[in-house]
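Please treat every number below as a calculation from the coordinates, not as lab data. The shown structure was predicted, so the numbers you read here are calculated from the model rather than taken from an experiment. Please note: Cβ atoms are built from the backbone with ideal geometry, for glycine as well, and neighbour counts cover all protein chains shown.
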Amino acid sequence: MPSGGDGSRSTAVGLEILDSDPNVEEAGVDPGYEISEQLVRAPGIGVGNVPNRRGWISGVPRLAVEYSSVGQDEEKLEDKIQDFLSAGTEWVWVVRLLGPRRVEVYDKNGWRAFTPGQVITAPGVLKNPVPVEAFFDRDTAHEVTLANLLQRRGYENLGAVLEEGREEGQREGQRAALREAVTRVLRARGLEVTETQRAKLLAESEVARLERWLEASAVSSSAEQALSEE
């Protein structure tokens, strides 16, 4: 059954968070796994063992994420969770879109519910803990994604980008660091930066606008869109 608007939006946000983690090399939405000749399963999001090729994937993901909303068959969900765990998936996260905000984390030892204000970890799969609120609030999700992308390029967080500029002792150093960070984040997301857009970055001297462009570069669908943020 197709997901509703809440499920589809939440899945998009979840993939953004997980795929950007510095330790993640493979992640995807609805990847189909052939667990055995008689059993196939597709999680909402799979992390680890998501090869870029056609057809069913042998094995299971290391981390599977499911979204539960209106019409969820709890018995089928429980079967799916156990199928993944029995076949070797290390964690199954269930994001509950109805009722109190929470994420249920299942592993071979049982399960536990996490609520806003708490973080979830997946040692060996994810480098960074994920705030529960990031699965429900887009602004929080974007902050997590931006921090992840900056770490992929050697920056611990957005503050580190700004600190790099301050340490150079010149205002231009801060501008240069921001321009470089915008370009690197866009490229890390696979978005092309044209010569015209590079020229626009070089010509911009307002630090506040460069900071806005950096934040936009983590969530925009193109470099053009990111650099249109005023």
Problem - strands (runs of 3 or more DSSP E) enclosed by the range 19-120 - at least 2 residues per element that are touching a Pro at 6+ places or on another chain (Cβ under 8 Å) and closer than 27 Å to Glu156 by Cα - result: 45-47, 63-68
Practice task
Identify the residue in the range 169-189 that is of a type in the set (S, T, N, Q) and not in a loop (DSSP other than H, G, I, E, B) and, among all such residues, is farthest from the chain's Cα centre (by Cα).
Solution key: Gln174
Handout entry: Residues satisfying the stated conditions in the range 169-221, i.e. among the acidic types (Asp, Glu) and touching a Ser or Thr at 6+ places or on another chain (Cβ under 9 Å)
Key = Glu172, Glu192
Exercise for the section: Could you tell me whether the range 84-92 includes any residue that is touching a residue at least 40 places away in the same chain (Cβ under 8 Å), more than 28 Å from Arg189 (Cα to Cα) and touching a strand residue (DSSP E or B) at 6+ places or on another chain (Cβ under 7 Å)? Expected result: yes
Practice task
Report the residue count in the range 189-226 for those that are among the aliphatic types (A, V, I, L, M) and either in contact with a strand residue (DSSP E or B) (Cβ under 9 Å, 6 or more places away or on another chain) or in contact (Cβ under 8 Å) with a residue 40 or more places away in the chain (or both).
Solution key: 4
Exercise for the section: State the number of residues belonging to the range 125-155 that are touching a residue at least 60 places away in the same chain (Cβ under 8 Å), closer than 26 Å to Glu78 by Cβ and surrounded by fewer than 21 Cβ atoms within 10 Å (Cβ to Cβ). Expected result: 2
